[in-house]
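**Q** Sharing a structure here in structure tokens format.
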Amino acid sequence: MRMLIMGAPGAGKGTQAGAIAEHYGIPAISTGDMFRTNIKNGTELGQKVKSIMDAGDLVPDELTDAIVADRLNQDDAADGFLLDGYPRNMHQVQSLDEYLTEHGQALDAVVSLDVDPQLLTERLLKRAQIEGRSDDNEETIRTRLGVYREETFPLIEHYGDAIISIEDERFY
């Protein structure tokens with residue numbers, strides 16, 4: 001099973017990705033987790049992306065594409081994966097499509113989590129208090145939601161019939 005999960009920041013992608021990946025016996029691959037791990041460990045990559053994430057911006061496509069391709073090449077992803085937080089824009093869709101074509105693969109499903117923007121803001125502010133995440137403050141949240149609407153929402157049209165849309169709050 002090769003799939004991806006989409007949704008705005010705070011929609012519950014990580015929570016749902018873990019459960020779905022466990023069900024299918026595939027790794028959940030989160031670009032956000034990969035970036036935060038690098039930040040926590042003080043790596044060169046972590047230092048590069050910290051200031052970008054703190055501003056609410058997205059890590060440059062070429063860097064993100066390379067990190068994801070490297071992760072998909074690892075043995076545990078050979079029989080499937082669940083991408084969480086990638087792709088986020090049409091450039092990344094094209095990069096993923098090229099990767100999958102080169103490896104004779106295709107996506108089996110795309111899950112889209114739809115949550116009210118006010119609820120997202122409340123969740124992210126609460127998460128900031130609990131986890132101490134510097135990328136979850138009100139100004140940054142507004143920026144991230146705007147970036148999502150502008151760059152990621154068009155992916156829903158691209159993936160069309162492959163999308164399974166979940167709008168019920170019980171799933172969050």
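**Q** Could you please tell me which pairs satisfy a Cβ distance under 9 Å, a separation of 6+ or placement on different chains, a first residue in segment 106-122 that is closer than 14 Å to K13 by Cα and in a loop (DSSP other than H, G, I, E, B), and a second residue that is at pLDDT below 90 and open to solvent by 50 Å² or more (accessible area, probe 1.4 Å)?
**A** D114/S165; D114/E167; V115/R123; V115/E167; V115/E169; V115/Y172
**Q** Sticking with this structure for a sec: For residues in segment 150-165 being assigned to a helix (DSSP H, G or I) and free of Cβ contacts under 8 Å to residues at least 12 places away in the same chain, which is nearest to the chain's Cα centre (by Cα)?
**A** Our first condition is that a residue be assigned to a helix (DSSP H, G or I); within segment 150-165, this holds for 150-152, 154-162.
With the extra rule that they be free of Cβ contacts under 8 Å to residues at least 12 places away in the same chain, the set shrinks to 150, 157, 160-161.
On the way: E150: 15, E157: 17, G160: 18, D161: 20 Å.
Per the criteria, the residue is E150.
**Q** Count, please, the residues in segment 25-44 that happen to be within 21 Å of L96 (Cα to Cα) and in a helix (DSSP H, G or I).
**A** From segment 25-44, those within 21 Å of L96 (Cα to Cα) are 26-35; that's our starting set.
If we keep only those that are in a helix (DSSP H, G or I) as well, we get 31-35.
Number of matching residues: 5.
**Q** Considering only residues that are open to solvent by 60 Å² or more (accessible area, probe 1.4 Å) and part of a helix (DSSP H, G or I), which ones fall in segment 67-97? Let's see the steps before the verdict.
**A** Step one: of segment 67-97, the residues open to solvent by 60 Å² or more (accessible area, probe 1.4 Å) are 70, 73-76, 79, 88, 90-91, 94.
D70, D75, D76, M90, H91, Q94 - these are the residues of segment 67-97 that are open to solvent by 60 Å² or more (accessible area, probe 1.4 Å) and part of a helix (DSSP H, G or I).
**Q** So if I check each of A78, A109, A55, A66, which one is more than 18 Å from M6 (Cβ to Cβ), of a type in the set (A, V, I, L, M, F, W, C) and in contact with a helix residue (DSSP H, G or I) (Cβ under 8 Å, 6 or more places away or on another chain)?
**A** Numbers: A78 fails: in contact with a helix residue (DSSP H, G or I) (Cβ under 8 Å, 6 or more places away or on another chain); A109 fails: more than 18 Å from M6 (Cβ to Cβ); A66 fails: in contact with a helix residue (DSSP H, G or I) (Cβ under 8 Å, 6 or more places away or on another chain).
The unique qualifying residue is A55.
**Q** For L113, are the conditions met, namely being touching a Pro at 6+ places or on another chain (Cβ under 8 Å), over 19 Å from D57 (Cβ atoms) and either crowded, with 17+ Cβ neighbours inside 10 Å or among the acidic types (D, E) (or both)?
**A** Working: touching a Pro at 6+ places or on another chain (Cβ under 8 Å): no; over 19 Å from D57 (Cβ atoms): yes; either crowded, with 17+ Cβ neighbours inside 10 Å or among the acidic types (D, E) (or both): yes.
No, not satisfied.
The values are calculated or read from the model by the stated rules, or taken from the named source; none is laboratory data. Treat the numbers as computed from the prediction; the structure is a model and nothing was measured. Positions of Cβ are backbone-derived with ideal geometry, glycine not excepted, and every protein chain shown enters the neighbour counts. These accessible areas exclude ligands, DNA and RNA; they are computed on the full protein's heavy atoms, side chains included. Shrake-Rupley method; radii C 1.70, N 1.55, O 1.52, S 1.80 Å.
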